[in-house]
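Here is the structure we will look at, set down as structure tokens.
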Amino acid sequence: MLKLTSNARSGKYHNPTGIFARDIFRNTRNSARFTSTTKEIDMRPTPLQSGKFIIAAGIATALLTAAGTGPAAAAQNDGKGSSAPLIESAAAEKATYGKKRVMQLTAVDFSPVGTGAEYKYCGDGGVCATAGSEYFNAGLRLPAGTKILKIIVYVNPNGSSIDASFTRYKPTVPTYQIIKETSSSSGTAVETVPIKAVHVLQKGWNYRIDNIRLSAGQATLYGAKVIYRERETN
């Protein structure tokens, strides 16, 4: 409650709190009680005013968060949370992709990562180890933004299960990540080994079909197929 005391000579109201009576009458809808010398005004807001205030406060908070300020934005950027995944997801949802495409890789496209094995091209288009054992891989030379739908590796396990991975490397800050890995059967015939990984190629990363280990007298690698969609530019 705010008291306004009447001045007997001037007839004007004195406000000891510094709040102007005209502002009170203009901005509040309230009940007022009068006496001969004192005017008491109920400063409690009506339900209508409370609702307007809550809506206005909500809009202001949303605007501050969007601008990167305010308590909500601070919570996102204090190391406990990040808005980056949301931004990335929004961009991915808006992206459009062209028709499905296929890139074929032959056995020649795969190279050993070290010198642990001797190898040759064998089996009518395959590559196999003749001594020792070594991992083979092939780089994916596709532009950033491409969406990988599936990778299929062609291999004859020759009685020993073979692993295959879809991996990526960051050359600027040496980083290695396995996106998806799978294994073949232990059969003795050529089979398709699917690596089911839906992934959008990110800028700054190098991608490979990786970790296919060929040992002497065992598996023969015949190549791979990459199914993808290219991102369309507006």
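Residues considered: Ile209, Ile179, Ile227. Of these, the only one that is assigned by TED's automatic domain parsing to the domain that holds Leu105, farther than 20 Å from Asp109 by Cα, part of a strand (DSSP E or B) and modelled with pLDDT of 95 or more is Ile179.
Once the range 100-127 is narrowed to residues that are touching a residue at least 60 places away in the same chain (Cβ under 8 Å) and among the basic types (Lys, Arg), the residue that is surrounded by the fewest Cβ atoms within 10 Å (Cβ to Cβ) is Lys100.
Glu191 meets all of the listed conditions (1) closer than 25 Å to Lys100 by Cα; (2) in contact with a strand residue (DSSP E or B) (Cβ under 7 Å, 6 or more places away or on another chain); (3) touching a residue at least 40 places away in the same chain (Cβ under 8 Å) but one, namely (3).
In the range 155-172, the residues that are over 26 Å from His199 (Cβ atoms) and touching a residue at least 24 places away in the same chain (Cβ under 8 Å) reach residues that are of a type outside the set (S, T, N, Q) and crowded, with 19+ Cβ neighbours inside 10 Å with C-beta atoms within less than 7 angstrom, at least six apart or across chains, in these pairs: Asn156/Ala219; Asn158/Ala219; Ser160/Ala219. Contact map, the range 210-227: residues that are closer than 24 Å to Arg168 by Cβ paired with residues that are assigned to a strand (DSSP E or B) and basic (Lys, Arg), Cβ distance under 6 Å, separation 6+ or inter-chain. Pairs shown: Ile227/Lys150.
Of everything in the range 159-176 that is at pLDDT 95 or above, of a type in the set (S, T, N, Q) and under 24 Å from the mean Cα position of the chain (by Cα), the residue that is surrounded by the fewest Cβ atoms within 10 Å (Cβ to Cβ) is Thr167.
The values are calculated or read from the model by the stated rules, or taken from the named source; none is laboratory data. Nothing here was measured: the structure is a model prediction, and the numbers come from that model. Cβ atoms come from the backbone with ideal geometry, glycine included; neighbour counts cover every protein chain shown.
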